[in-house]
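Colleague: This is the structure I have questions about; it appears just below.
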Amino acid sequence: MISLILILILLLITINLNWQIKDQFLEFKYDLQNENLEVTSKSTIDKILSELEKKNFKSLDPDYLEYTKSDNTKYKNLIQDLDYYKIQQADLNKKVVGHFRLKAFICKDEYYKECILSNKNIHSILNPKIFHKTLELMNELEKLGYDKYGFSIVNGHRHPSYNERIGGAKLSRHIKGEAVDIVVNDINKDGYSDKSDKDIILDILEHKVIKNQGGIGLYPGTGNVHYDVRGKRARWNSY
């Protein structure tokens with residue numbers, strides 16, 4: 001009995017010291033305690049986002065602005081008029097598009113780790129249009145008989161400091177919460193992840209989802225794809 005208690009204590013200590021392990025634990029716990037259903041409509045996406053508290057640029061903590069470099073002039077002019085959302089620990093595991101959770105669209109920086117370990121809040125720019133376009137992509141895949149979950153989300157919003165750290169474009173659309181990066185897996189369900197799967201995604205984005213109203217990063221030779229809702233056509237091959 002004593003050894004079992006010690007094992008449980010050590011397990012709890014491990015969970016609370018390692019943010020990645022605790023992240024998985026919180027995901028499991030959230031699904032046990034909540035009816036976390038698949039999100040299949042734009043109206044449901046909008047409802048989920050509307051339940052999050054909105055913050056404006058001026059109300060953000062000065063330490064956050066400094067850490068993220070959001071108060072630098074070149075970035076401030078880009079984002080100061082956009083909506084920030086206050087995200088609490090429990091919000092991270094809400095499904096917001098299909099089975100994709102809100103945390104998939106948030107950069108995994110020190111603030112994210114503190115949110116997991118210490119239950120501190122995160123502030124992130126979230127553009128409803130990029131969630132809508134992700135749902136459109138999934139719907140088109142399903143309509144054509146492909147795996148609508150045959151891709152994984154790498155990131156969505158990236159604050160300026162995080163964007164610099166990973167080598168993103170200087171004025172990346174991720175900074176404004178207008179973009180998503182994905183990795184394409186086995187879309188056509190043939191047991192392989194290859195160029196044919198990526199071509200399916202790119203074709204749908206080009207002709208059905210993004211069209212001339214946004215950007216598509218093609219990145220030949222990789223399984224990576226970028227799409228955004230900048231409001232005008234943009235295409236490129238290199239990172």
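The values are calculated or read from the model by the stated rules, or taken from the named source; none is laboratory data. For clarity, every value in this text was computed on a predicted model and none was experimentally measured. Please note: Cβ atoms are built from the backbone with ideal geometry, for glycine as well, and neighbour counts cover all protein chains shown.
Colleague: So which residues in the range 167-193 are farther than 22 Å from Pro128 by Cα, surrounded by 14 or more Cβ atoms within 10 Å (Cβ to Cβ) and not small (Gly, Ala, Ser), if there are any at all?
Modeller: Val184, Asn185, Asp186, Ile187, Asn188
Colleague: Among the residues that make up the range 187-194, is at least one of them among the β-branched types (Val, Ile, Thr), in a loop (DSSP other than H, G, I, E, B), in the same structural domain as Tyr67 (by TED's automatic domain parsing) and free of Cβ contacts under 8 Å to residues at least 40 places away in the same chain?
Modeller: Looking only at the range 187-194, we keep the residues that are among the β-branched types (Val, Ile, Thr), and these are 187.
Now narrow it down to the ones that are in a loop (DSSP other than H, G, I, E, B): 187.
Then keep just the ones that are in the same structural domain as Tyr67 (by TED's automatic domain parsing); that gives 187.
Narrowing further to those that are free of Cβ contacts under 8 Å to residues at least 40 places away in the same chain: none.
No, because not a single residue in the range 187-194 is among the β-branched types (Val, Ile, Thr), in a loop (DSSP other than H, G, I, E, B), in the same structural domain as Tyr67 (by TED's automatic domain parsing) and free of Cβ contacts under 8 Å to residues at least 40 places away in the same chain.
Colleague: Does Asp203 count as without any contact (Cβ under 8 Å) to a residue 24 or more places away in the chain and assigned to a helix (DSSP H, G or I)?
Modeller: Values: without any contact (Cβ under 8 Å) to a residue 24 or more places away in the chain: yes; assigned to a helix (DSSP H, G or I): yes.
Yes: the conditions hold for Asp203.
Colleague: Among residues belonging to the range 205-239 that are within 20 Å of the chain's Cα centre (by Cα) and of a type in the set (A, V, I, L, M), point out the one that is farthest from Phe131 (Cα to Cα).
Modeller: Among residues in the range 205-239 that are within 20 Å of the chain's Cα centre (by Cα) and of a type in the set (A, V, I, L, M), the one farthest from Phe131 (Cα to Cα) is Leu218.
Colleague: Would you mention how many residues in the range 24-70 are under 18 Å from Lys120 (Cβ atoms) and in contact with a strand residue (DSSP E or B) (Cβ under 7 Å, 6 or more places away or on another chain)?
Modeller: 5
Colleague: Given the condition among the hydrophobic types (A, V, I, L, M, F, W, C) and more than 17 Å from the chain's Cα centre (by Cα), answer yes or no: does some residue in the range 129-144 qualify?
Modeller: Within the range 129-144, one or more residues are among the hydrophobic types (A, V, I, L, M, F, W, C) and more than 17 Å from the chain's Cα centre (by Cα).
Colleague: Could you identify the single residue in Asn119, Asn139 that is closer than 16 Å to Ser43 by Cα and either free of Cβ contacts under 8 Å to residues at least 40 places away in the same chain or not assigned by TED's automatic domain parsing to the domain that holds Ile45 (or both)?
Modeller: Asn139
Colleague: Going by the structure shown, is Tyr149 hydroxyl-bearing (Ser, Thr, Tyr) and buried (at least 22 other Cβ atoms within 10 Å of the Cβ)?
Modeller: Here the answer is no, as Tyr149 does not meet what is asked.
Colleague: Taking the stated definitions as given, is Glu27 surrounded by fewer than 16 Cβ atoms within 10 Å (Cβ to Cβ), at pLDDT 95 or above, more than 17 Å from the chain's Cα centre (by Cα) and of a type outside the set (Val, Ile, Thr)?
Modeller: no
Colleague: May I ask you to say which residue of Asp147, Asp63 is modelled with pLDDT of 95 or more and either out of contact with any Phe, Trp or Tyr (no Cβ under 9 Å at 6 or more places or on another chain) or among the hydrophobic types (A, V, I, L, M, F, W, C) (or both)?
Modeller: Asp147
Colleague: A further question follows. Which of the residues that make up the range 84-112 are acidic (Asp, Glu) and surrounded by 16 or more Cβ atoms within 10 Å (Cβ to Cβ)?
Modeller: Residues satisfying the conditions are Asp91, Asp109.
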